[in-house]
Amino acid sequence: MGLAERKELAAFKEESFAPKLEELKAAAGGADLQVTLDEASFTTVAAIQMISNGIFDRLIDDLKAVCGDAIGKEAVRDGIKTVHVIHKEDPGYTLELAGGTLTVKAKVDGSLGSDLPGYGDYKRYLLRTL
């Protein structure tokens, strides 16, 4: 990770991370979710710039849908403790829920829909998995 990437990541963490985390917790029905980033994997400025919109906004939107009732809120509270985000260079994305950690591996600087989970993808996955 070069200087430009380190500066971009520091700016994201300072300006955007806390508000997005609060939005995520609210969308999850008040669940005390934590978010971790595999910082070393974010090797481009473009990937770091897409974390907010490409990862957080879609997950927030889908969690609102999943947590629209008491059953969904309980499932998320019981099933997800941490969201771990990994940027990968290869095309495509994967979602995995194990041991209370939802791992998102995505080409974060890639194209929406094929490299990043789109709106509805988290919802479909969580409805099958939780």
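Observations
- The residue that is nearest to the chain's Cα centre (by Cα), counting only those in region 62-78 that are exposed (fewer than 15 other Cβ atoms within 10 Å of the Cβ) and part of a helix (DSSP H, G or I), is ASP78.
- Among the residues of region 100-117, at least one is over 19 Å from ALA18 (Cα atoms), modelled with pLDDT of 95 or more, over 12 Å from the mean Cα position of the chain (by Cα) and surrounded by fewer than 16 Cβ atoms within 10 Å (Cβ to Cβ).
- VAL85 being part of a strand (DSSP E or B), under 17 Å from TYR125 (Cβ atoms) and modelled with pLDDT of 95 or more: yes
- Restricting LEU95, LEU102, LEU126 to those that are touching a Phe, Trp or Tyr at 6+ places or on another chain (Cβ under 7 Å) and of a type in the set (A, V, I, L, M, F, W, C) reduces the list to LEU95.
- Within region 27-47, the residues that satisfy the criterion of being assigned to a helix (DSSP H, G or I), within 14 Å of the chain's Cα centre (by Cα) and without any contact (Cβ under 8 Å) to a residue 60 or more places away in the chain are ALA27, GLU39.
- Residue count for region 6-37, restricted to those that are β-branched (Val, Ile, Thr) and buried (at least 17 other Cβ atoms within 10 Å of the Cβ): 1
The values are calculated or read from the model by the stated rules, or taken from the named source; none is laboratory data. As the structure is a computational prediction, the values presented were derived from the model and not from experiment. Note that each Cβ is placed from the backbone with ideal geometry, even for glycine, and that neighbours are counted across all protein chains shown.
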